[in-house]
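**Q** Pasting a structure here, questions to come.
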Amino acid sequence: MAATDADPTARRTGRGSGGIRFDDVTVAYNGNVVLDSFTLDVAPGEVVALLGPSGSGKTTALRAVAGFVRPASGRVHVGGRDVTDLPPYKRGLGMVVQQYALFPHMRVEQNVAFGLKAQKIVAKSEIPARVAEALRMTGMAQYAKRYPRELSGGQQQRVAIARALAIQPSVLLLDEPLSALDAQLRSGMLAELARLHRELPDVSILYVTHDQIEALTLADRIAVMNEARLVEVGTARDLYKRPGTEFAAGFVGNSNLLPVTVAECVAHGDGSFRATVRIATESGATTGELVTATCTENAAAGETRTLCLRPHFLGLAAAEHHDNAFSGTVTEVQWRGSAHRIFADVHGHEVRLDTNELRNPPAIGDEVWLHFSAEDAVLIPASGTGSPSPDPVSAAEPAPANPASTEPAPAKPASTKPAPAKDAVPIPATATGSPSPDPVSAAEPALAETAPAEPAPAEDAAR
């Protein structure tokens with residue numbers, strides 16, 4: 001998959017219909033490019049997650065849509081309109097950030113009504129109904145009279161979402177809205193966001209996160225970013241099952257990335273190819289073990305590729321029966337309650353295997369055979385950069401292993417730094433009327449520049 005968006009449905013945009021289009025957008029600060037030639041379309045009603053490590057440019061892309069930073073070059077379109085030169089409050093967007101940004105001196109219903117009153121987009125008589133509907137959708141109707149300090153972190157985030165929804169935006173921008181919540185609250189809010197999307201099928205959502213589980217759960221498509229560039233874009237399933245780059249393979253879910261040399265590649269009935277490969281050692285020599293994997297394109301004999309194997313697709317095999325398997329030496333065994341994670345040295349490469357809890361797991365130093373199905377392994381071009389340094393909050397897999405676990409960070413891939421572009425001109429966040437430097441809604445005009453700073457989130461209130 002290329003790092004551009006060729007989905008025809010993503011171009012069905014019109015005035016007021018929602019949808020976002022980045023057209024070769026570049027943003028730079030003091031000669032340092034933070035978003036480089038970014039092109040992406042988000043269709044009306046589509047949820048697209050911008051996924052990448054810290055500093056990859058994902059929040060900058062979102063702020064360019066919101067109007068908080070002007071691109072040095074390129075254009076931004078919302079609902080078919082070029083909004084590049086419009087101030088934030090004229091873009092008709094809803095935005096939610098991780099710090100909640102609620103006015104501490106206002107009750108919940110007043111916070112939710114703020115954007116409606118500031119923009120004067122509806123008659124005063126309609127505001128109570130809009131507020132009530134937004135609170136109903138977010139499950140906060142019974143807390144309308146409370147102050148933010150009387151709410152838990154999850155409840156405060158729901159209020160922030162309700163405030164963004166009250167203006168009935170065609171585009172909703174979510175900037176890591178769950179990162180300030182604990183694991184249990186994040187899980188609940190993920191379900192709530194999925195439900196909200198079902199209730200608002202026409203609203204386009206741009207969701208910034210470095211948590212792969214949030215992206216896989218919510219997004220129709222995922223745009224993987226690294227070092228200010230768009231690396232790859234596709235559906236969550238395509239990026240997980242058939243990644244096109246080493247970086248996407250290593251960042252969207254856990255993966256074992258092994259250097260291999262192609263011995264043979266033949267066409268398969270489903271339009272793909274089946275390649276027989278040999279695993280290379282750390283020194284570059286190839287082993288005698290031949291394994292078969294799926295390849296989306298033909299590969300020449302002798303060509304160097306990378307074999308992508310997800311840990312939960314690997315199984316333990318007996319030495320006397322090891323079709324499509326390779327041997328390794330166990331270096332670590334981790335018991336995770338309902339599952340085991342096994343680490344093995346395979347010709348100088350660390351390989352991870354996730355399996356249901358074993359009654360008799362192998363011991364450190366044991367030789368084991370690891371087998372897999374050719375349909376569950378994919379060959380991708382060898383970039384020579386290795387796998388990405390995983391920055392996600394959770395490195396969980398749809399495997400039996402504990403989803404809260406994380407793995408040691410592989411080496412960060414090297415890449416050429418993009419050439420500096422003309423400096424962008426950041427727009428002060430206070431122009432949005434937000435009580436903190438991070439606005440709740442891009443639609444709020446400069447009516448509250450003197451609003452008090454946002455307090456730290458209160459502890460959960462026992463009510």
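**Q** Which ones in the stretch 82-108 are surrounded by fewer than 18 Cβ atoms within 10 Å (Cβ to Cβ) and not in a loop (DSSP other than H, G, I, E, B)?
**A** Asp82, Lys90, listed by residue number.
**Q** With the requirement that a residue be out of contact with any Ser or Thr (no Cβ under 9 Å at 6 or more places or on another chain), free of Cβ contacts under 8 Å to residues at least 60 places away in the same chain and either of a type in the set (D, E, K, R) or surrounded by 17 or more Cβ atoms within 10 Å (Cβ to Cβ) (or both), what does the stretch 271-317 give you?
**A** Matches in the stretch 271-317: Ala317 only.
**Q** Being buried (at least 16 other Cβ atoms within 10 Å of the Cβ), among the hydrophobic types (A, V, I, L, M, F, W, C), more than 19 Å from Leu40 (Cβ to Cβ) and in contact with a strand residue (DSSP E or B) (Cβ under 8 Å, 6 or more places away or on another chain) is true for just one of Val233, Val266, Val262, Val252. Which residue is that?
**A** Residue meeting the stated conditions: Val262.
**Q** I would also like to ask the following. Out of (1) surrounded by fewer than 23 Cβ atoms within 10 Å (Cβ to Cβ); (2) at pLDDT 95 or above; (3) under 25 Å from the mean Cα position of the chain (by Cα), the odd one out for Gly55 is which?
**A** Going through (1) surrounded by fewer than 23 Cβ atoms within 10 Å (Cβ to Cβ); (2) at pLDDT 95 or above; (3) under 25 Å from the mean Cα position of the chain (by Cα) one by one, Gly55 breaks only (2).
**Q** If you take the residues of the stretch 318-339 that are of a type in the set (A, V, I, L, M, F, W, C) and farther than 25 Å from Ala374 by Cα, which of them is surrounded by the most Cβ atoms within 10 Å (Cβ to Cβ)?
**A** Among those that are of a type in the set (A, V, I, L, M, F, W, C) and farther than 25 Å from Ala374 by Cα, it is Val333.
**Q** Taking the criterion of being in a helix (DSSP H, G or I), among the charged types (D, E, K, R) and touching a residue at least 12 places away in the same chain (Cβ under 8 Å), would at least one residue in the stretch 204-218 satisfy it?
**A** First, the residues of the stretch 204-218 that are in a helix (DSSP H, G or I): 212-218.
Filter again for among the charged types (D, E, K, R), leaving 214.
Pick out the ones that are also touching a residue at least 12 places away in the same chain (Cβ under 8 Å) and you get 214.
Yes, the stretch 204-218 contains a residue that is in a helix (DSSP H, G or I), among the charged types (D, E, K, R) and touching a residue at least 12 places away in the same chain (Cβ under 8 Å).
**Q** With respect to Glu126, determine if the residue is crowded, with 19+ Cβ neighbours inside 10 Å and either assigned by TED's automatic domain parsing to the domain that holds Leu62 or in contact (Cβ under 8 Å) with a residue 12 or more places away in the chain (or both).
**A** Here the answer is no, as Glu126 does not meet what is asked.
**Q** Oh, and also: Quick check on this structure: which one of Arg278, Arg352, Arg305 is in a strand (DSSP E or B), at pLDDT 95 or above and at negative phi?
**A** When all the criteria are applied, what remains is Arg352.
The values are calculated or read from the model by the stated rules, or taken from the named source; none is laboratory data. Treat the numbers as computed from the prediction; the structure is a model and nothing was measured. Neighbour counts are summed over all protein chains in view; Cβ atoms, including those assigned to glycine, are modelled from backbone coordinates with ideal geometry.
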